[in-house]
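The values are calculated or read from the model by the stated rules, or taken from the named source; none is laboratory data. The model shown is predicted, which means the values in this text are computed figures rather than measured ones. Neighbour counts run over all protein chains shown; Cβ positions are idealised from the backbone, glycine included.
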Amino acid sequence: MNLFSNGNWKRRKKRGFRRYLYQILLSNILLILIPISVLGFFWYHMMSQQAKQKFYQQKSIDLNEIASGINQRIKSIMMETATEIGEKRYSTYTYSNDYNTDLSMISKRLSAMTQKYYLIDSVYFYDKTTGKIYNSKTGRYLFSEFYDTKWLNDINHNIYSIQQLPPRLILEDESLFDKYSFLYNKRNNLVLSLVLKGRPDFYLVTNISIKSLYNEIVDSYHLNDNHMEFFILDRDGKLIEGESRYAEWKELIRKPARELDNGVTYIVCNNRIYFMKSVNFNAFSVTSYPFSDSYQEAVYLGKYILLICIGLILFSLIISFYMAKRLYRPINILYSDVAKGTWNSPQEHVTDEIDMLKQVFSEMNTFNSNARLKLKRFDELSKAFNFRSFLEN
């Protein structure tokens with residue numbers, strides 16, 4: 001059997017070329033592709049952590065602005081109440097059966113406050129000496145059952161500064177529902193009451209509507225995203241306003257929270273992140289986002305890194321194929337000469353071919369050395385880049 005027949009020569013040629021290609025591919029994978037892939041993995045991990053920290057930082061800033069907006073709106077109404085009580089009409093008011101000028105002026109001023117501030121549900125003028133309450137909406141109540149006097153039990157009667165009561169229902173007596181359902185539904189709102197005592201012996205009560213406050217914050221800060229939630233909880237975990245669709249209210253209060261900047265805390269529950277910030281009526285403003293939002297930027301970065309790795313693989317295949325074809329050319333010529341019957345050519349010709357192979361392998365060694373040197377420099381540059389990133393962070 002002729003080992004150098006046309007068929008055997010072609011098979012040997014293909015087998016030898018595949019060996020060259022395999023060795024070159026293996027060299028490129030070990031020297032270039034694997035180190036760059038490992039570096040890309042660590043880079044992706046570092047950038048994903050930075051994206052996650054940026055997400056938490058931004059959401060804590062957003063919630064802090066929301067809580068500050070709530071507190072600022074309440075403070076502005078506090079100042080308005082403190083200014084209003086200085087009106088002389090209140091201190092000179094005396095009750096009589098006649099609808100006198102002072103009472104008419106007081107009713108107008110109470111109504112003017114509700115028109116000035118959308119958040120105000122109602123304003124009371126309560127005369128302690130007579131036990132009469134005048135309301136900004138209806139004047140004096142038509143029914144004695146609707147006198148809202150429960151707030152008197154929750155205040156300090158000897159303090160002449162503004163007292164802020166926890167959120168409460170104006171009318172908590174459900175037995176009134178059947179008797180005056182039309183009025184009960186209209187008046188029974190959840191409010192935050194600001195009470196200020198005046199001289200000689202009267203009280204000015206400003207009731208801030210929690211629902212109106214919530215709606216204004218939602219509109220002002222554009223919190224209508226379907227994936228985002230915003231609601232208000234009290235300290236006991238009871239929902240005051242808003243809607244929590246993904247977690248029980250009390251469950252959020254019981255879970256241990258982690259601290260962020262500006263007094264913002266967060267917890268992870270039911271694959272969502274809940275950010276909480278206290279507001280000045282002993283409650284929490286809460287925002288929640290899907291947990292996937294925290295690493296969304298890292299996902300985009302990971303896609304770019306994956307594309308880079310795929311590009312490196314294709315580039316490595318093309319370069320390896322070109323190198324194998326170029327380096328295998330002298331051996332191919334030698335096999336071709338032998339197959340054509342020139343294998344008994346002079347020894348000098350064979351020696352020339354062997355020298356050519358030596359030169360080729362010498363060039364391969366030089367290429368591998370250069371590749372190792374470049375890889376070492378690349379590793380030094382990557383370490384310097386990581387150290388610089390560490391200092392900047």
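Quick check: is even one residue across the stretch 218-241 in contact with a Pro (Cβ under 7 Å, 6 or more places away or on another chain) and either in a loop (DSSP other than H, G, I, E, B) or at positive phi (or both)? Checked the stretch 218-241: at least one residue is in contact with a Pro (Cβ under 7 Å, 6 or more places away or on another chain) and either in a loop (DSSP other than H, G, I, E, B) or at positive phi (or both). Output the residues belonging to the stretch 165-183 that are part of a helix (DSSP H, G or I), crowded, with 17+ Cβ neighbours inside 10 Å and at pLDDT 75 or above. Within the stretch 165-183, just Leu176 meets the criteria. Does the stretch 243-271 hold any residues that are within 20 Å of Ala67 (Cα to Cα) and touching a helix residue (DSSP H, G or I) at 6+ places or on another chain (Cβ under 6 Å), and which are they? Listed by number, the residues that qualify are Leu260, Asp261, Asn262, Val264. Every test in (1) out of contact with any strand residue (DSSP E or B) (no Cβ under 7 Å at 6 or more places or on another chain); (2) among the polar types (S, T, N, Q); (3) closer than 20 Å to Ser136 by Cβ is passed by Asn224 save one, and that test is (3).
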